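Let me begin by presenting the structure, written as structure tokens, before commenting on it.
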Amino acid sequence: MLVNEIMTRVVKTITPETRLQEVASIMCLHRFSSLPVVDGNDKLVGILSEQDVLKYLFPTLKDILDGMLTPDFEAMEADYKKVLSLKSSDLMSSRVITVRPDTPILQSASVMAKNNFRRIPVADVGKLVGMISLGDIHRAIFMKSFSGSQ
């Protein structure tokens, strides 16, 4: 089976200008752990994960070296409100690992495992065309095993 046979084609995306308040709302309400960032032509320009957002709250190595040896985690949690005023482009990862639509599904699972991802964007010549998750792959293999298809 190939990725394009089972991928989700309608993908919720954000732009580099999307405010983090909207991003956080989408992530929390829809239980998305990451969102692809696209430009006006659906070109994939980044990905923003919950980890990217939360990592912003933690002290930097410079903070620790400057004497902040015991971080005040309660104060850091309160700083979350500051994150909400940022834009996607402020925190997104611009190095995006993708798979192609014609990639075998187990190969895409191996890319996800290697990078510790649960889902990955599907891109064709730089354009976002879908998303695929480990759950999609597992479900497809499970269903194929019951349909009698070889």
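Descriptive notes on the structure:
- Across the stretch 74-130, the qualifying residues are those that are among the β-branched types (Val, Ile, Thr), part of a helix (DSSP H, G or I) and modelled with pLDDT of 95 or more, and the one among them that is farthest from residue 54 (Cα to Cα) is 105.
- Single residue of the stretch 1-17 satisfying the filter (of a type in the set (Val, Ile, Thr) and more than 22 Å from residue 106 (Cα to Cα)) that is surrounded by the fewest Cβ atoms within 10 Å (Cβ to Cβ): 15
- Each residue in the stretch 112-132 was checked for being without any contact (Cβ under 8 Å) to a residue 24 or more places away in the chain and surrounded by 15 or more Cβ atoms within 10 Å (Cβ to Cβ), and 3 of them qualify.
- Candidates 57, 48, 20 - the one that is out of contact with any His (no Cβ under 7 Å at 6 or more places or on another chain), farther than 28 Å from residue 100 by Cβ, modelled with pLDDT of 75 or more and surrounded by 13 or more Cβ atoms within 10 Å (Cβ to Cβ): 20
- Scanning the stretch 134-142 finds no residues that are surrounded by fewer than 19 Cβ atoms within 10 Å (Cβ to Cβ), touching a Lys or Arg at 6+ places or on another chain (Cβ under 8 Å) and part of a strand (DSSP E or B).
The values are calculated or read from the model by the stated rules, or taken from the named source; none is laboratory data. As the structure is a prediction and not an experimental result, all values here were calculated from the model. No Cβ is skipped: glycine too gets one built from the backbone with ideal geometry, and neighbour counts run over all protein chains shown.
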